[in-house]
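A short write-up of the structure that comes next.
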Amino acid sequence: MTVLTTERLILRDWTDDPADLARIYDIYSRPEVSRYLGMASGLPMTNPAQAVERLRIWQERHADDGGRYGTWAIEVRETGQVVGTVLLKPLPGRDESRRTDDIEVGWHLHPDAWGHGYATEAAHAAVAREFAAGTREIYAVVSPSNEPSMAVARRLGMRHVGQRTDWYGGELLETFVLTAQMPDRSRTT
């Protein structure tokens with residue numbers, strides 16, 4: 001199911017279609033991708049069958065979200081190629097079993113798709129949609145060594161607020177925040 005579209009991209013649910021499962025494995029078996037995903041268990045993937053389990057985890061995580069949050073495939077409109085994942089979800093707390101009220105935007109792209117602006121474009125669409133739903137702040141949390149993802153956060157207009165350990169089991173993460181622009185109601189006509 002298509003969730004969002006942009007000029008170049010379709011953001012959609014990952015499916016159990018063999019092509020999607022193969023692409024999940026291709027992306028998440030790569031050390032250059034998984035090294036930045038910190039405490040995520042089971043990465044990098046070492047067996048294509050693990051893609052089925054990863055998809056199940058994503059589907060269960062968002063089953064009660066009514067489509068508002070998700071872990072979505074990023075597909076290039078022109079080619080149909082899936083280039084990565086964009087996610088929008090409540091951040092897990094330090095114990096990782098409970099969601100916080102803090103909303104995260106994130107992206108994981110296949111190395112062949114790096115440098116094309118896909119992460120920025122996909123994340124921008126997800127952020128705009130969430131702000132329209134009423135969320136006031138959205139976070140990006142990034143491994144301290146992941147300079148390319150920090151650059152994406154900055155291109156999104158996110159402000160770096162330092163390193164924090166509030167989420168993902170207390171992992172030390174570079175934290176960026178974007179605050180919704182509120183209309184100026186002080187003017188009268």
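Among the candidates Glu130, Glu53, the residue that is charged (D, E, K, R), within 24 Å of His160 (Cβ to Cβ) and in a helix (DSSP H, G or I) is uniquely Glu130.
Of the residues making up region 68-105, those that are of a type in the set (Lys, Arg), open to solvent by 20 Å² or more (accessible area, probe 1.4 Å) and in contact (Cβ under 8 Å) with a residue 12 or more places away in the chain number 3. Which one of Gly84, Gly117, Gly157 is modelled with pLDDT of 95 or more, in contact with a Leu (Cβ under 9 Å, 6 or more places away or on another chain), within 17 Å of Leu11 (Cβ to Cβ) and not β-branched (Val, Ile, Thr)? The match here is Gly84.
Among the numbered conditions (1) assigned to a loop (DSSP other than H, G, I, E, B); (2) over 20 Å from Asp101 (Cβ atoms), the only one that Thr120 does not meet is (1). Within region 25-34, restricting attention to residues that are crowded, with 20+ Cβ neighbours inside 10 Å and touching a Ser or Thr at 6+ places or on another chain (Cβ under 8 Å), the residue that is nearest to Gln50 (Cα to Cα) is Tyr28. Being in contact with a Ser or Thr (Cβ under 7 Å, 6 or more places away or on another chain) and modelled with pLDDT of 95 or more holds for only one residue in Thr71, Thr79, and it is Thr71.
The values are calculated or read from the model by the stated rules, or taken from the named source; none is laboratory data. Note that this is a predicted model, so its numbers are computed, not measured. All Cβ positions, glycine included, derive from the backbone under ideal geometry; neighbour counts span all protein chains shown. The area values use the complete protein model at the heavy-atom level, side chains included, leaving out ligands, DNA and RNA. Shrake-Rupley method; radii C 1.70, N 1.55, O 1.52, S 1.80 Å.
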